[in-house]
Amino acid sequence: MQDSGITLQRGGVSQPMEQGVHHDRALEIALANPLAKNVETIPIDHANGRVLAKPLASYVDDPRFDNSAMDGFAVRASDCKEGPSTLTVVGVSQTGGEQPPAIGPGQACRIMTGAPLPEGADAIVMVEDTKVDGTRVTILGPARTGYIRRRAENLSKGQEALPPGATLSSATLALAGTMGYGEVEVVKRPTIAILSTGDELVPPGSELAPGQIYESNSHALASLVESMGCHAVRHESVADSMDELRTTLDKLSGHDAILTSGGVSMGEWDLVRRIMEEEGDLSFWRMRIRPGGPPLFGTWRETPLFGLPGNPVSSLVVFHVLVAPWIAGSLGYHRELGPRISRRVSVILEEDIPGAPGKLCLRRIRIRSEDGQLLAATHTHQGSGNMHSMVAHNGLTLLPPDTDGKAGEVVDALWLV
Ligand code: AMP
Ligand code: MG
């Protein structure tokens with residue numbers, strides 16, 4: 001890591017701006033200015049896709065009482081040991097009903113799936129294995145204790161079954177319901193503003209004048225922001241002008257964070273870098289990764305700001321390796337159960353993939369599963385302007401600095417979801 005020599009005032013403490021930082025260090029620096037975490041309590045029926053702010057402990061035992069896993073008859077196993085036995089039916093146990101009468105020797109109780117087990121019963125016979133004649137039932141099949149669902153066999157009252165940072169979706173929502181939660185405390189969705197910069201950019205669908213290109217990064221970034229559980233606010237792109245940039249950043253500083261794209265390289269027109277250096281509070285500039293080397297992080301009027309590279313692939317890659325973990329770390333997302341846009345996996349390379357001197361190498365790869373193994377290969381050229389390559393591939397290598405990947409080797413990778 002090199003020190004640029006520039007020293008900036010932050011929160012009353014002078015901290016040098018760091019330049020050319022490794023990936024881990026970049027994340028550490030950014031997390032010193034986390035995304036603000038606020039919580040709110042909402043009804044469970046509005047909670048799909050939201051992230052739990054607190055662990056949830058069950059309000060009830062699950063199951064609440066011993067009950068039947070089958071429609072059939074509750075019996076005493078000892079009555080059904082030899083041959084077809086005939087028992088007297090003394091009652092019915094229905095779901096939602098009262099505790100049924102106890103059964104004694106030679107007796108049975110008709111029972112529904114989920115209905116409470118009568119006292120005295122210790123096994124269930126499936127209705128398919130019985131023949132009923134008035135108040136008598138003949139047992140033709142096995143009486144199984146395994147057809148009884150025991151009180152609290154899934155969860156005990158007070159047991160924490162959902163950790164903080166878990167996304168509420170199908171199974172987690174249903175479990176919150178099972179445990180008795182009508183309302184849940186969730187992380188408020190932060191709003192993240194997205195701003196593309198560049199004189200050449202026009203919205204897709206409009207007429208192109210000479211030298212203009214369609215703006216695309218903001219769409220990718222907004223999608224990734226939403227997938228990470230935040231609200232994306234896309235602003236129209238701004239020209240390469242210090243005044244326009246300043247006015248727009250001021251306007252956007254009311255959001256919880258700002259992502260810009262473009263204007264962070266060495267060029268004269270790389271004004272995001274310049275304005276952050278001169279008027280913002282810059283924590284680092286440039287990362288030792290390829291592609292995506294030029295990003296910066298700092299604050300603009302106290303609002304955390306990532307300056308992502310303009311090259312379309314680079315901006316996405318930097319989001320994956322830096323912004324997504326920053327959001328997850330700031331908001332306390334659970335590693336397995338929380339929102340995420342990639343999964344770290346080990347893959348077998350199908351071809352040689354060169355690493356990068358001094359840099360973490362994030363080559364685009366297509367990961368496929370074959371015979372229980374994950375195989376990875378490249379399929380298009382790797383230019384950082386080639387958005388098609390991000391569609392043709394579904395992963396990124398994580399080749400450490402100065403490390404080439406050889407065909408047949410197992411390497412770490414991110415599998416993008
Ligand atoms: P810059 O980082 O501003 O030098 O931009 C690098 C390259 O990415 C240039 O070819 C830009 O035209 C292109 N680019 C920058 N921003 C965007 C954007 N929002 N959408 C598509 N291409 C972009
Ligand atoms: Mg530019």
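Data overview
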| read-out | value |
| --- | --- |
| Any hit, region 188-205, residues being away from ligand 1 (no atom under 16 Å from the Cβ), in contact with a helix residue (DSSP H, G or I) (Cβ under 7 Å, 6 or more places away or on another chain), touching a residue at least 24 places away in the same chain (Cβ under 8 Å) and not in a loop (DSSP other than H, G, I, E, B) | no |
| Enumerated strands (runs of 3 or more DSSP E) restricted to region 1-97, each holding at least 3 residues that are modelled with pLDDT under 95 | 2-10, 13-21 |
| Thr172 of a type in the set (Ser, Thr, Tyr), modelled with pLDDT of 95 or more and under 30 Å from Ala74 (Cβ atoms) | no |
| Residue within region 212-222 that is open to solvent by 20 Å² or more (accessible area, probe 1.4 Å), assigned to a helix (DSSP H, G or I) and within 14 Å of ligand 1 (Cβ to nearest atom) present | yes |
| Cβ-Cβ under 6 Å pairs, at least 6 apart or on other chains, region 253-279 side under 19 Å from Val313 (Cα atoms) and within 12 Å of ligand 2 (Cβ to nearest atom), far side open to solvent by 10 Å² or more (accessible area, probe 1.4 Å) and charged (D, E, K, R) | Gly263/Asp270; Val264/Asp270; Val264/Arg273 |
| Ala209 vs. criteria in contact with a strand residue (DSSP E or B) (Cβ under 9 Å, 6 or more places away or on another chain), part of a strand (DSSP E or B), of a type outside the set (Phe, Trp, Tyr) and open to solvent by 20 Å² or more (accessible area, probe 1.4 Å) | no |
| Residue within region 259-273 that is open to solvent by less than 40 Å² (accessible area, probe 1.4 Å) and farther than 30 Å from Pro401 by Cα present | no |
| Residue check for Leu249: in contact with a Lys or Arg (Cβ under 9 Å, 6 or more places away or on another chain) and either near ligand 1 (Cβ under 9 Å from one of its atoms) or among the aliphatic types (A, V, I, L, M) (or both) | yes |
| Every residue from region 258-275 that is at pLDDT below 95 and more than 9 Å from ligand 1 (Cβ to nearest atom) | Met266, Glu268 |
| Asp250 being within 13 Å of ligand 2 (Cβ to nearest atom), in contact (Cβ under 8 Å) with a residue 24 or more places away in the chain, open to solvent by 40 Å² or more (accessible area, probe 1.4 Å) and within 23 Å of Glu278 (Cβ to Cβ) | no |
| Residue within region 170-178 that is in contact (Cβ under 8 Å) with a residue 40 or more places away in the chain and either over 44 Å from the mean Cα position of the chain (by Cα) or open to solvent by 60 Å² or more (accessible area, probe 1.4 Å) (or both) present | yes |
| Count - residues of region 295-323 that are away from ligand 1 (no atom under 13 Å from the Cβ), open to solvent by 10 Å² or more (accessible area, probe 1.4 Å) and part of a helix (DSSP H, G or I) | 1 |
| Matching residues, region 261-283, being farther than 12 Å from Thr299 by Cα and outside any helix (DSSP H, G or I) | Ser261, Gly262, Gly263, Val264, Ser265, Met266, Gly267, Glu268, Trp269, Asp270 |
| Number of positions in region 363-388 that are touching a Ser or Thr at 6+ places or on another chain (Cβ under 6 Å), more than 20 Å from Thr403 (Cα to Cα) and in a strand (DSSP E or B) | 0 |
| Flag if Ser237 is touching a Gly at 6+ places or on another chain (Cβ under 8 Å), free of Cβ contacts under 8 Å to residues at least 60 places away in the same chain and within 11 Å of ligand 1 (Cβ to nearest atom) | yes |
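The values are calculated or read from the model by the stated rules, or taken from the named source; none is laboratory data. Not measured: the values here are computed from a predicted model. Every residue, glycine as well, gets a Cβ built from its backbone with ideal geometry; the counts of neighbours run over all protein chains shown. Areas reflect the complete protein model, heavy atoms only, side chains present, ligands, DNA and RNA absent. Shrake-Rupley method; radii C 1.70, N 1.55, O 1.52, S 1.80 Å.
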